[in-house]
Amino acid sequence: ADFDAKKKRKVAEIYQALNSDPIDVAALRRMAISEGGLLTDEIRCKVWPKLLSVNTDDLPPLPAGKELREDNKDYQQVLLDVRRSLRRFPPGMPDDQREGLQEELIDIILHVLKRNPQLHYYQGYHDIVVTFLLVVGDRLATALVEKLSTHHLRDFMDPTMDNTKHILNFLMPIIDLVNPEVHAFMQSAEVGTIFALSWLITWFGHVLSDFRHVVRLYDFFLACHPLMPIYFAAVIVLHREQEVLDCECDMASVHHLLSQIPQDLPYESLISKAGDLFVQFPPSELAKEAAQQQAERTAASTFKDFELASVQQRPDTVLRQRFRERLRGEERTKSILTKPRTNRFVKLAVMGLTVALGAAALAVVKSALEWAPKFELQIFP
């Protein structure tokens, strides 16, 4: 009953902030961050636009899907990703309803990309868009996603992954400041930060199976600085301190452990911890260390990721073939790349590493080694 009273009080405070003139956006941010977030989807429809300063009175009409799909360079990839997104819809939803939503999802994505040619689609983007679609419906989702894509998600939508890698480089300095022991362990395991890539670029939408947890995190991220998801990622790793330290200290084992995200995380306490860390160690303070990590990611140091990535591929012979040819070229030109140790290769091949990020690791490495041709990569299974 106490919880209900608290909830009622919070709903009243949210509506009070919405109805004040001017709207009290600072109060709405506090509500979105504090325990329970924005509580209901009905409230989210009203508050999310305010957090992104989107004017809901003036939403552009949605274009017809047919025009969008013709001659669109991203259409085929978006179609593939959306078709694979079944588990992002509520279990038990009738097929025809889900299929209708999937069509809307494709249209929203293509619409945003068409209006913003500077943005590049990435795999995992649809995981963010579907969250908005399910909470606020297609018209509002389109406006919110467009704003988000030109702000919070901007770095993920560059032609290269350099900025995304740079954001991932904030992860280790945060862990180091809070728990040097875990940091040292991860460094000696040479695990890198690839395990957190899908968390970051989908705002955890791809990896959490309970939709309530996803929207709770979206409340939090929408109210905060664009780098908050990386603080949250750090907090998840820190929360699993014991598991990490009990793990075998090698790249394959630690990567495998960390990329399997536990579904029963204590979200509220992790959210408040992430908020605390952000205040204690703001991005400006971490930037120097992140830049240092970026500098260290030369071809030689990224080869470890590359090794890991190459055995995580599906047995897709064409890709492997192209990969080997390119690798032979690489080895001729880059004598600094040492030959991979076969024992690690075998070990990685034997362990059922998370397929989810195999190709993502490749994409990061690919941009690190500046390979020109674009791989047709499937980042998510």
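The values are calculated or read from the model by the stated rules, or taken from the named source; none is laboratory data. Please read these numbers as outputs of a predicted model, since none were measured by experiment. Backbone-built Cβ (ideal geometry, glycine too); neighbour counts: all protein chains shown. To get the accessible areas, we keep the full protein, side chains included, count just its heavy atoms, and leave off ligands, DNA and RNA. Shrake-Rupley method; radii C 1.70, N 1.55, O 1.52, S 1.80 Å.
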Practice prompt. Please specify each residue of region 1-27 satisfying the condition of being modelled with pLDDT of 95 or more, surrounded by 12 or more Cβ atoms within 10 Å (Cβ to Cβ) and aliphatic (A, V, I, L, M).
Written response: 11, 14, 17, 18
Worksheet entry | Residue ID - surrounded by the most Cβ atoms within 10 Å (Cβ to Cβ), chosen from residues in region 64-78 that are assigned to a helix (DSSP H, G or I) and in contact (Cβ under 8 Å) with a residue 40 or more places away in the chain | 78
Worksheet, complete the sentence: Those residues of region 168-205 which are closer than 15 Å to residue 281 by Cβ and part of a helix (DSSP H, G or I) amount to 171, 172, 173, 174, 175, 176, 177, 178, 180, 183
Worksheet entry | Count of region 228-262 residues which are aliphatic (A, V, I, L, M) and within 22 Å of residue 44 (Cβ to Cβ) | 1
Item to complete: Mind listing just one residue for me: the one in region 122-178 that is small (Gly, Ala, Ser) and crowded, with 19+ Cβ neighbours inside 10 Å and, of those, nearest to residue 226 (Cα to Cα)?
Response: 149
Item to complete: Among residues belonging to region 281-315 that are open to solvent by 30 Å² or more (accessible area, probe 1.4 Å) and charged (D, E, K, R), point out the one that is modelled with the highest pLDDT.
Response: 285
Item to complete: Restrict the check to region 273-280 and report whether at least one residue is of a type outside the set (S, T, N, Q) and modelled with pLDDT under 90.
Response: yes
Discussion item. Can you list residue pairs whose Cβ atoms sit under 7 Å apart, with the first residue in region 47-59 being open to solvent by 30 Å² or more (accessible area, probe 1.4 Å) and the second being part of a helix (DSSP H, G or I) and among the small types (Gly, Ala, Ser)? Count only pairs 6 or more apart in sequence or on different chains.
Written reply: 59/143
Practice prompt. Return yes when residue 262 is without any contact (Cβ under 8 Å) to a residue 40 or more places away in the chain, open to solvent by less than 40 Å² (accessible area, probe 1.4 Å), farther than 16 Å from residue 186 by Cα and not polar (S, T, N, Q) and no when it is not.
Written response: yes
Practice prompt. Say whether the condition of being more than 24 Å from residue 272 (Cα to Cα) and charged (D, E, K, R) is met by at least one residue in region 31-39.
Written response: no
Practice prompt. Please find, within region 232-252, the residue that is farthest from residue 172 (Cα to Cα) out of those that are assigned to a helix (DSSP H, G or I) and modelled with pLDDT under 95.
Written response: 252
Worksheet item: Are any residues in region 210-231 part of a helix (DSSP H, G or I) and either open to solvent by 20 Å² or more (accessible area, probe 1.4 Å) or of a type in the set (A, V, I, L, M) (or both), and if so, which ones?
Response: 211, 212, 213, 214, 215, 217, 222, 228, 230
Discussion item. Would you confirm whether or not region 194-203 contains a residue that is surrounded by 24 or more Cβ atoms within 10 Å (Cβ to Cβ), in contact with a Phe, Trp or Tyr (Cβ under 6 Å, 6 or more places away or on another chain) and either hydrophobic (A, V, I, L, M, F, W, C) or under 26 Å from residue 40 (Cβ atoms) (or both)?
Written reply: yes
Practice prompt. Determine the pairs where a residue that is part of a helix (DSSP H, G or I), located within region 79-104, has a partner that is basic (Lys, Arg) and surrounded by 13 or more Cβ atoms within 10 Å (Cβ to Cβ) with Cβ atoms under 9 Å apart, the partner being 6 or more residues away or on another chain.
Written response: 79/69; 86/98
